[in-house]
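The values are calculated or read from the model by the stated rules, or taken from the named source; none is laboratory data. Note that the structure is predicted; figures quoted are calculated from it, not measured. Cβ coordinates were reconstructed from backbone atoms using ideal geometry, including for glycine residues, and neighbour counts include every protein chain displayed.
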Amino acid sequence: MASTTMPSPDTITKQEFDDLLTRYPVLVQTMSQAKGAKPGQKTLQELDQYRYVDALGFFGSDRPHREMTLDHVKLLVEWKLRHGKFRPTLMSLVTSNPQPLTKSTIQTALHTYRTTADIPSTLDALTKLRGIGPATASLLLAVHDPTRVIFFSDEAFHWLCCGGGKAPIKYTAKEYLGLRERAAEVTKRLGVSATDVERVAYVLMKRPEAGAGSRAPAPKAVSKRGASLKRKTNSSQGAAPTDVPGPRRSKRLKA
């Protein structure tokens, strides 16, 4: 596209969308080469191949070729951490889930989805696993239904729900509801899949000028007492934010 202006999800044309989508593999390849990989570790490009090709072949149909296990979940979480925001303790929490429990929990959640199409209930069932919050739960569901279910990524939320501005995300079920609705508007208007919307958002938000013209609103002024309390609170929080809804928050990191 000749213009560097962030296209709106409401007005982006099919030609613009398709052009951005073709840029995704090159972007990932460039990022993969820049990040590299430790010995024995998959590269970002290899993980991306699993996320968007292999996993969809295994799980992305009404009759999946395989049942998702903890090993599959770990690969998807590894992709999520390398592809987006890294959270150092997330993988250890996910790995701590027993294999049989992981498999049975996922199968129960998928049965709910296939019989009711109730995404909130499905994600709620998946978040019973350690380390699995709404964002990761949406990823597990998205590989099973890539046409209609979008992964709750930062990039998708910022483009679809924040006008390209990089506003803070709380990773709540309510935020994901808004993201799904916005994604559905684009998929219906352009005749594309939720997975494609996800990748186009990634390209847009990873461009050098992304977010430059649309920032999150400035926080409201607070009293001296409130500011003092906020400083104390911020100083005690060194960990990255998680995507656990407020009422479900605990000492266990979920994303």
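Kindly check whether there is at least one residue in segment 56-68 that is out of contact with any Cys (no Cβ under 6 Å at 6 or more places or on another chain), surrounded by fewer than 17 Cβ atoms within 10 Å (Cβ to Cβ), free of Cβ contacts under 8 Å to residues at least 24 places away in the same chain and more than 19 Å from Ala109 (Cβ to Cβ). Within segment 56-68, one or more residues are out of contact with any Cys (no Cβ under 6 Å at 6 or more places or on another chain), surrounded by fewer than 17 Cβ atoms within 10 Å (Cβ to Cβ), free of Cβ contacts under 8 Å to residues at least 24 places away in the same chain and more than 19 Å from Ala109 (Cβ to Cβ).
From Leu177, Leu141, Leu190, which residue is under 25 Å from Arg63 (Cα atoms) and touching a residue at least 12 places away in the same chain (Cβ under 8 Å)? Outline the logic, then answer.
Working: Leu177 fails: under 25 Å from Arg63 (Cα atoms); Leu190 fails: under 25 Å from Arg63 (Cα atoms).
Selected residue: Leu141, the only one of Leu177, Leu141, Leu190 that is under 25 Å from Arg63 (Cα atoms) and touching a residue at least 12 places away in the same chain (Cβ under 8 Å).
Of the residues making up segment 36-50, none is touching a residue at least 40 places away in the same chain (Cβ under 8 Å) and not aromatic (Phe, Trp, Tyr). A count restricted to segment 85-95 and to residues that are surrounded by 13 or more Cβ atoms within 10 Å (Cβ to Cβ) and not basic (Lys, Arg) stands at 6. Taking first residues from segment 83-99 that are more than 19 Å from Ser32 (Cα to Cα) and partners that are part of a loop (DSSP other than H, G, I, E, B) and polar (S, T, N, Q), the Cβ contacts under 9 Å between residues at least 6 apart in sequence or on separate chains come to Leu90/Thr242; Gln99/Thr69. Is it the case, given these coordinates, that Glu78 is within 22 Å of Pro100 (Cα to Cα) and modelled with pLDDT of 95 or more? So Glu78 fits the description; yes. Every listed requirement among (1) within 19 Å of the chain's Cα centre (by Cα); (2) of a type in the set (S, T, N, Q); (3) within 30 Å of Glu185 (Cβ to Cβ) is met by Ser61 save one, (1).
To keep it simple, each residue is scored yes or no on (1) of a type in the set (Gly, Ala, Ser); (2) closer than 26 Å to Ile132 by Cα; (3) out of contact with any strand residue (DSSP E or B) (no Cβ under 7 Å at 6 or more places or on another chain); (4) at pLDDT 95 or above.
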| residue | (1), (2), (3), (4) |
| --- | --- |
| Phe157 | no, yes, yes, yes |
| Arg180 | no, yes, yes, yes |
| Ala194 | yes, yes, yes, yes |
| Arg199 | no, yes, yes, yes |
| Val203 | no, yes, yes, yes |
| Gly213 | yes, no, yes, no |
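How many residues does segment 1-24 hold that are surrounded by 15 or more Cβ atoms within 10 Å (Cβ to Cβ) and part of a helix (DSSP H, G or I)? Show your work before the answer.
Kept after step one, since they are surrounded by 15 or more Cβ atoms within 10 Å (Cβ to Cβ), are these residues of segment 1-24: 6-7, 9, 12, 16-17, 20-21, 23-24.
Among the residues that remain, those that are also part of a helix (DSSP H, G or I) are: 16-17, 20-21, 23-24.
So the answer is 6.
Filter segment 104-135 down to the residues that are crowded, with 19+ Cβ neighbours inside 10 Å, free of Cβ contacts under 8 Å to residues at least 60 places away in the same chain and not β-branched (Val, Ile, Thr) and list them by number. Once the filter is applied, which keeps residues that are crowded, with 19+ Cβ neighbours inside 10 Å, free of Cβ contacts under 8 Å to residues at least 60 places away in the same chain and not β-branched (Val, Ile, Thr), segment 104-135 yields Ala109, Leu110, Tyr113, Leu123, Ala125, Leu126, Leu129.
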